[in-house]
Structures are given as C-alpha cells and as structure tokens.
Amino acid sequence: MVLEDKMIANGEPEEEEEEEEEEEMVDPLETVREKCEQTEHCVHTRERLEACETRVGSRSETTEDCTEELFDFLHARDHCVSADVRCQGLLFLNELFKMIFYS
C-alpha cells in the first residue's frame, strides 16, 4: 500500500536512500585546546580558577570575582595552543619545502 501511495504521489516509486555514515566534524582548535588544558601550567591555573569560583560561590555578599584567575587560565591555554599551531605550521612548511626542492 505504501509503495502504491508513493507511485501515485510521484508517478514512480521512490528508491530507498542509502544513508552514508558521515564522520562528525571535529574542530582542530578544540582538540589542541583540550590537549593543552592537560599541561601542568594549565592544570595549575584551572585549579586556581576553580578554587576562586568555589570561594566566591560560598559567599552571599562579595565584590570579589574570578576575572584575574580566568584570564590567567585562558592566557596559559592560548599560549600553549599558539606554540602547538606554530609547530604544526613549521612542520607543514618543512614538508612543502621538501616536495618543492627535492622532488
């Protein structure tokens, strides 16, 4: 009955579409950030940020915020990310140079 309905609606039967499994796109920047967050310096700055958030969250009235600790963590992570990206860029240029001059 379903096939007949499809034939009537379109004039010809619909073919089953093959669903290809698509790989989920992963942002390379997020991957590098996650890796950098595991470094000793980033772990230390994150611990300071979390301690500040706990301290501020436990008080009912305070003017303290954790902006400095947040910026310290982001700076440490971004410093690591930029070093990793520069390194990857140099590796890419090295391979490109080899292809151009030694092929």
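The values are calculated or read from the model by the stated rules, or taken from the named source; none is laboratory data. Predicted, not measured: the structure shown is a model, and the values here were computed from it. So basically every Cβ, Gly included, is an ideal-geometry build from the backbone, and we count neighbours across all protein chains shown. Remember, those area values only see protein heavy atoms, side chains included, never the ligands or the DNA or RNA. Shrake-Rupley method; radii C 1.70, N 1.55, O 1.52, S 1.80 Å.
Other residues with beta-carbon under 9 Å from the beta-carbon of CYS52 carry, at +1 per Lys or Arg and -1 per Asp or Glu, a net charge of -4.
Taken about its Cα centre, the stretch 35-103 carries a charge dipole of about 460 debye when Lys and Arg each add +1 at the Cβ and Asp and Glu each add -1 at the Cβ. Calculated accessible area for the stretch 52-103 comes out at 82 Å² per residue, all protein chains present (probe 1.4 Å; ligands, DNA, RNA ignored).
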